[in-house]
Amino acid sequence: MTPEERLNAFFAEARPPVRDLAFQARVAERVARRRAFATVAALIPWTIAAIVLCWVLGPMMAPVVEGLGRTLAPAAAILGLTGLGVVGLMAGARRLRAL
């Protein structure tokens, strides 16, 4: 074995193994899917509790909601349109920043 071959063999041992990007992407996708399912499963009891709470409090809150509904409808519309405008402006700014 020549000195160059020995040196190449030594450096080949020191190099990290070649990464398989397709395998890493598949593993990352499976991990993300598992985490998403776990998140949804963790939210199920809270959703059931919220539904039961709304069912119990619904008849008591109906008169209050009907009275405030007419009063707060314009404010809710203004808030929604403002939020939509902010999202639109932020998207436009992000596009301009990319140029």
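The values are calculated or read from the model by the stated rules, or taken from the named source; none is laboratory data. This is a predicted model, so every value here is computed, not measured. Glycine also receives a Cβ, built like all others from the backbone with ideal geometry; neighbour counts cover every protein chain displayed. Side chains are part of the model used for accessible areas, which takes the heavy atoms of the whole protein and leaves out ligands, DNA and RNA. Shrake-Rupley method; radii C 1.70, N 1.55, O 1.52, S 1.80 Å.
Please tell me if residue 62 is modelled with pLDDT of 90 or more and either outside any helix (DSSP H, G or I) or open to solvent by less than 100 Å² (accessible area, probe 1.4 Å) (or both). Answer is no for this residue. Being aliphatic (A, V, I, L, M), modelled with pLDDT of 90 or more and open to solvent by less than 100 Å² (accessible area, probe 1.4 Å) is the requirement here; does residue 27 meet it? Judged against the criteria, residue 27 is a match.
Output yes when any residue across the stretch 84-99 is under 29 Å from the mean Cα position of the chain (by Cα), in a loop (DSSP other than H, G, I, E, B) and of a type in the set (A, V, I, L, M), and no when none is. Among the residues of the stretch 84-99, at least one is under 29 Å from the mean Cα position of the chain (by Cα), in a loop (DSSP other than H, G, I, E, B) and of a type in the set (A, V, I, L, M), which makes the answer yes.
Screening residue 8 against (1) surrounded by 10 or more Cβ atoms within 10 Å (Cβ to Cβ); (2) at pLDDT 90 or above leaves a single unmet condition, (2).
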